[in-house]
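Visitor: Here it is, the structure, as structure tokens.
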Amino acid sequence: MWAGLGLVLALSLLPGGGTENQYCKEPPEWHIGDENPMLGSRGSVTVVALLQANLRVKLENEGLVNVSYIIVNHQGSYSQRKFHLLQESVSEYITVYQQDEQQDDVWTKLNGNKDDFLIYDRCGRLVYHLGLPYSFLSFDYVEESIKTAYCEKKCGNCSYTVFSHFILYVLERKLDLTGC
């Protein structure tokens with residue numbers, strides 16, 4: 001019992017470890033220009049990457065369909081100059097947003113840093129916020145977090161989940177695929 005309590009206390013001291021109350025809530029409203037990228041994401045698990053990332057093909061091959069990927073480039077002038085390189089280096093299925101220097105910084109609103117992943121469930125509630133070293137794609141933390149958001153009801157029931165599971169059931173029956 002004491003070992004378990006010690007582990008809980010130690011985890012709460014990790015960055016983000018003591019901030020459970022940020023999870024299972026909708027994100028703060030943020031925009032890129034006039035667009036609110038999170039507005040149209042309801043009904044699918046959404047991965048907001050504050051970097052370049054491409055797990056999409058691997059997860060789709062494992063049966064995890066209906067996952068949206070969004071990359072938000074840094075607001076600084078250096079990142080703006082390199083924006084076209086970032087856009088060219090990711091799949092056409094991944095939306096890359098460039099912030100305007102004059103608008104409120106999305107990274108600040110999301111309490112994020114370079115290389116962070118924010119993973120939301122189908123109802124738009126934050127399930128995981130992974131920072132370094134947990135966001136290194138050479139580890140399984142990001143992939144497993146996406147699978148958890150996709151397959152489990154970590155934040156409780158969601159009206160989008162029933163329909164999504166029905167579609168997944170039909171796909172499983174038709175294609176014999178399972179993502180969970």
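Read the figures in this text as sums done on the coordinates, not as results from a lab. The model shown is predicted, which means the values in this text are computed figures rather than measured ones. Cβ atoms come from the backbone with ideal geometry, glycine included; neighbour counts cover every protein chain shown.
Visitor: Points 7 angstrom from Cα along the Cβ direction at Leu137 and Phe83: gap in nanometres?
Guide: Label-label distance for Leu137 and Phe83, simple model: 2.2 nm.
Visitor: How long are the semi-axes of the equivalent ellipsoid of region 22-175, taking √(5λ) for every eigenvalue λ of the Cα gyration tensor, in whole Å from largest down?
Guide: Working from the Cα gyration tensor, I get semi-axes of 26, 17, 15 Å.
Visitor: Could you check the spin-label model distance between Lys109 and Glu144? Points 7 Å from the Cα along Cα→Cβ, value in nm.
Guide: Label-label distance for Lys109 and Glu144, simple model: 3.2 nm.
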